[in-house]
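Trainee: Right, I'll just put the structure down here and ask away after.
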Amino acid sequence: MPILQSTTTTVASFAIVIDGHEIASFSDLGGIVSEIEPVAYLEGGGGGPIQLPGKVKPPQVVLRKGRTGGAELWAWHESARMGQMAVARRSCTLAMYDDRGNRVASYELEHAWPSKIEVSAVRSGPSEVLYDSVTLVCENLQRITV
């Protein structure tokens, strides 16, 4: 029986691209979550409950990077915070690159907006780095073949 070999995709960086313009790059992907809540359903006939799909939760993407001078993410978040959802809801691409800068994977996020931005540091000190974390919520998430 032949042994199937699978190739593992390695990723060195991530970027959010809107209208062909990269607004932010990231070093860490906290996760891409697409979730459907299971609901127990009792069938007639004395059988036990079966699980059926219930409420679909909005997809979320969490990204993290070292703090840079760019303010585009904060401005995007601020428009959502101020309730300007017509401006805040943007379709964008989450692009993933290998260490040579080649795109290895992409996801299309429809009507995404940054629901959370967090600034943190491991500890204080002259050599510590500030990190920005952003959580994007979207209406639909599609894997794009590269």
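Trainee: Considering only the range 47-81, how many residues are out of contact with any Pro (no Cβ under 7 Å at 6 or more places or on another chain) and within 14 Å of I117 (Cβ to Cβ)?
Mentor: Count: 16.
Trainee: Okay, next question. Taking the range 116-146 as the region of interest, how many residues are without any contact (Cβ under 8 Å) to a residue 40 or more places away in the chain and either touching a strand residue (DSSP E or B) at 6+ places or on another chain (Cβ under 9 Å) or outside any loop (DSSP other than H, G, I, E, B) (or both)?
Mentor: Taking the range 116-146 and keeping what is without any contact (Cβ under 8 Å) to a residue 40 or more places away in the chain, we get 116, 118, 120-128, 142-143, 145.
Of the ones still in play, those that are also either touching a strand residue (DSSP E or B) at 6+ places or on another chain (Cβ under 9 Å) or outside any loop (DSSP other than H, G, I, E, B) (or both) are 116, 118, 120-122, 128, 142-143, 145.
Qualifying residue count for the region: 9.
Trainee: For the range 70-101, name all the residues that are assigned to a loop (DSSP other than H, G, I, E, B) and either touching a strand residue (DSSP E or B) at 6+ places or on another chain (Cβ under 8 Å) or open to solvent by 60 Å² or more (accessible area, probe 1.4 Å) (or both). Please lay out each step first, then the result.
Mentor: Initial filter on the range 70-101 (assigned to a loop (DSSP other than H, G, I, E, B)): 70-71, 82-84, 89, 98-101.
Correct list: G70, A71, M82, Q84, R89, D98, D99, R100.
Trainee: Still on this structure: Among the candidates Y41, Y107, single out the residue that is at pLDDT below 95 and either in contact with a Leu (Cβ under 7 Å, 6 or more places away or on another chain) or on the phi > 0 side of the Ramachandran plot (or both). Lay out the reasoning, then the answer.
Mentor: On the way: Y107 fails: at pLDDT below 95.
Just one listed residue meets the conditions, Y41.
Trainee: Conditions first: (1) within 30 Å of E118 (Cβ to Cβ); (2) in a strand (DSSP E or B). Y41 passes all but one, so which condition is the exception?
Mentor: (1)
Trainee: So, in the range 18-30, of the ones that are assigned to a strand (DSSP E or B) and open to solvent by 20 Å² or more (accessible area, probe 1.4 Å), which residue ends up farthest from R100 (Cα to Cα)?
Mentor: G30
Trainee: Let me ask something else about it. Within the range 92-106, does at least one residue satisfy the condition of being farther than 23 Å from A12 by Cβ and free of Cβ contacts under 8 Å to residues at least 60 places away in the same chain?
Mentor: No, because not a single residue in the range 92-106 is farther than 23 Å from A12 by Cβ and free of Cβ contacts under 8 Å to residues at least 60 places away in the same chain.
Trainee: Something else: For residues that are of a type in the set (A, V, I, L, M, F, W, C) and open to solvent by less than 80 Å² (accessible area, probe 1.4 Å), scanning just the range 54-69, find the one that is farthest from the chain's Cα centre (by Cα).
Mentor: L63
The values are calculated or read from the model by the stated rules, or taken from the named source; none is laboratory data. Quick caveat, the model's predicted, so the values are computed rather than measured. Note that we place each Cβ from the backbone using ideal geometry, even for glycine, and neighbour counts take in every protein chain shown. All accessible areas refer to the heavy atoms of the entire protein, side chains included, with ligands and DNA or RNA removed. Shrake-Rupley method; radii C 1.70, N 1.55, O 1.52, S 1.80 Å.
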